[in-house]
Each structure stands twice: as C-alpha cells, then as structure tokens.
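Student: Could you have a look at this structure, given as structure tokens, before my questions?
The values are calculated or read from the model by the stated rules, or taken from the named source; none is laboratory data. Model, not experiment: these values are computed from the prediction. Cβ placement follows ideal geometry from the backbone for every residue including glycine, while neighbour counts extend to all protein chains displayed.
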Amino acid sequence: MPSQNLQDYCDWCFAPLSEDALTRSRWLGLASEDTWACSTCIEKGRYRVPPEGWNGPADEWLARDEYVLSADDRRTVLNALNEILHGPDAIEEWEFHTRIGVTREEAAQTWRRVAGE
Ligand SMILES: [Zn+2]
C-alpha cells in the first residue's frame, strides 16, 4: 500500500508528487533518506545530487551513480522476471539459482521492488 509519507512535493523542484513519483522514489531508495523526487526530476537525473538541505557529504549521496530505468526499462525487467517466474517456460526451482544466480524468492523480491510493491 503506497505512502504513509506526508510529503507531497519534490525535494528538488517542489513540484507536486504523483503516485508514480512516490513509487519510483521509494524504489530508487530516496525514501530511505526521506527525500522524494517528482517524475521530471527523476527523468532528468536531478536526484543524483543531494537536494538542498540534505545533511551529509555529497559523495555519500546514495543515488549519485545509479542508472535511471525508463518506463520501458521497467516494463522489460518486470515482464522478463515474470516469464522466468510464472510464464509457460518458467525456470524450475531445482535449476533456478544455477541459471539466474539468485533464488526464486530473491527474483520475486526484485520483481516487487521494481514494481514498487
Ligand atoms: Zn522535481
């Protein structure tokens, strides 16, 4: 269930936050720093530098080198994970870790993280 946060504005440009922006801020880990970015600031990568007022050295800002997944990237990752987890040719339990490098449960957690659930 999204958002117990009370903040409804972007920490970078102060624009209102959409549900999608809240989800993506959580997914990027911004929420763990109690910072929230609007969709525009995420798309433009503004969140890679700490917002004004963030207390800490800029080189410790968590998101500075992260790649931003576009909506198409997210859809691709989610669909690919869904196929290997639940599709008609889903990878079976016994060979999942060998082929993918993580357990089924870890892959399912990745799906939930990317999906923002
Ligand atoms: Zn913004």
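Student: Residues in the stretch 2-14: is at least one loosely packed, with under 15 Cβ neighbours inside 10 Å, at pLDDT below 85 and either within 16 Å of the ligand (Cβ to nearest atom) or closer than 24 Å to ALA107 by Cα (or both)?
Tutor: Start the filter on the stretch 2-14 by keeping residues that are loosely packed, with under 15 Cβ neighbours inside 10 Å, which leaves 2, 4-9, 13-14.
Still in the running and at pLDDT below 85: 2, 4-6.
If we keep only those that are either within 16 Å of the ligand (Cβ to nearest atom) or closer than 24 Å to ALA107 by Cα (or both) too, we end up with 2, 5.
Yes, the stretch 2-14 contains at least one residue that is loosely packed, with under 15 Cβ neighbours inside 10 Å, at pLDDT below 85 and either within 16 Å of the ligand (Cβ to nearest atom) or closer than 24 Å to ALA107 by Cα (or both).
Student: Which residue is modelled with the highest pLDDT, if the candidates are limited to the stretch 64-116 and must be touching a Lys or Arg at 6+ places or on another chain (Cβ under 8 Å) and among the acidic types (Asp, Glu)?
Tutor: Going through the qualifying residues, I end up with GLU93.
Student: Quickly run through the stretch 47-93 and pick out the residues that are in contact with a Gly (Cβ under 9 Å, 6 or more places away or on another chain) and within 16 Å of the ligand (Cβ to nearest atom).
Tutor: Selection gives PRO50, ALA63, VAL68.
Student: Do you know which residues across the stretch 15-24 are surrounded by 17 or more Cβ atoms within 10 Å (Cβ to Cβ) and near the ligand (Cβ under 10 Å from one of its atoms)?
Tutor: LEU17, ALA21
Student: Within the stretch 64-86, is even one residue of a type in the set (A, V, I, L, M), over 26 Å from PRO16 (Cα atoms) and either assigned by TED's automatic domain parsing to the domain that holds ASP8 or free of Cβ contacts under 8 Å to residues at least 24 places away in the same chain (or both)?
Tutor: Looking only at the stretch 64-86, we keep the residues that are of a type in the set (A, V, I, L, M), and these are 68-69, 71, 77-78, 80-81, 84-85.
Remaining after also requiring over 26 Å from PRO16 (Cα atoms): 77-78, 80-81, 84-85.
Pick out the ones that are also either assigned by TED's automatic domain parsing to the domain that holds ASP8 or free of Cβ contacts under 8 Å to residues at least 24 places away in the same chain (or both) and you get 80, 84.
Checking the stretch 64-86: at least one residue is of a type in the set (A, V, I, L, M), over 26 Å from PRO16 (Cα atoms) and either assigned by TED's automatic domain parsing to the domain that holds ASP8 or free of Cβ contacts under 8 Å to residues at least 24 places away in the same chain (or both).
Student: Does ILE91 satisfy the condition of being touching a helix residue (DSSP H, G or I) at 6+ places or on another chain (Cβ under 7 Å), surrounded by 15 or more Cβ atoms within 10 Å (Cβ to Cβ) and free of Cβ contacts under 8 Å to residues at least 24 places away in the same chain? Reasoning before the result, please.
Tutor: Values: touching a helix residue (DSSP H, G or I) at 6+ places or on another chain (Cβ under 7 Å): yes; surrounded by 15 or more Cβ atoms within 10 Å (Cβ to Cβ): yes; free of Cβ contacts under 8 Å to residues at least 24 places away in the same chain: yes.
Judged against the criteria, ILE91 is a match.
Student: For the stretch 34-46, which residues satisfy the criterion of being crowded, with 21+ Cβ neighbours inside 10 Å and either more than 8 Å from the ligand (Cβ to nearest atom) or among the β-branched types (Val, Ile, Thr) (or both)?
Tutor: Listed by number, the residues that qualify are THR35, TRP36, ILE42.
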